[in-house]
Each structure stands twice: as structure tokens, then as C-alpha cells.
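Asks: The structure is given below, and queries will be raised subsequently.
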Amino acid sequence: MFILRSAFWLTVAFLVIAPKDVDLAATASNYSAQAMAAGKQVIVERILEQDCTSLECIGTKAVAAAVLQEIPSSDPSMQDSSNSPVPFPRPRPDWMG
């Protein structure tokens, strides 16, 4: 009961205190894109700073850096799209309970 009351009052407080003219979804999306770009940059820098002497290592570094720099910040395959059909499993037979 304590958790239910706490959730209720926290929701009420958020609705009262929350700024009305701010789009929270857009702000969160913007911060997410910035974090992804910074993370990709750090990964590419770490990969490129390694000293390599073999051809395999140099090739691996080049491929990894190219792939990480070409990944879009918002991958459409990771988002829900209502226009693509989603495969659902067949319903369970009645005789199985």
C-alpha cells in the first residue's frame, strides 16, 4: 500500500511541478542522440589509438572505424513501425488447456 500511495503522490507532484512548455520526448531523444554520437566517437578514438604492426590489425581497425562512423544515430530497424506486419505465433490449441 505504501508503494501505491508513493507512486500516486509522485505522479501528482510531477504533474503539478513539471514544465508545461517543454517537449520531454524531443529533449530525451536529443540527449540520446548526443550520447550515442559521443560514445561512437570514444570507441573510434580507442580503436585508432592502438599501435598495430600486422596487416590484420590495421585492416580490423580500418573496418571497425568505418562501420562505427557510418551507423546512423536513430536506427529505424530498432523503432516500432506499425506499417510492417509482425509475425505472431499460432494460438494454443484448446486441447492443451
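What follows draws every value from the coordinates through simple rules; no lab data is involved. For clarity, every value in this text was computed on a predicted model and none was experimentally measured. For neighbour counting, all protein chains shown are included, and Cβ atoms are generated from backbone atoms with ideal geometry for every residue, glycine included.
Asks: Tell me, what is the FRET efficiency for Ala65 and Ser32 to the nearest 0.05, using R0 = 30 angstrom and their Cβ-Cβ distance as r?
Replies: Result of the calculation: an efficiency of 0.85.
Asks: Another question, then. Give me the Kirkwood hydrodynamic radius of the range 24-70 in Å, from all C-alpha pairs, to one decimal place? Could the numbers behind the result be given before it?
Replies: On the way: mean 1/r = 0.0835 Å⁻¹.
With all distinct Cα pairs of the range 24-70 included, I get 12.0 Å.
Asks: Just subtract the alpha-carbon distance of Thr11 and Ile58 from 0.36 nm times their residue separation and send over the number in nm, one decimal.
Replies: Contour length minus the Cα-Cα distance gives 11.6 nm.
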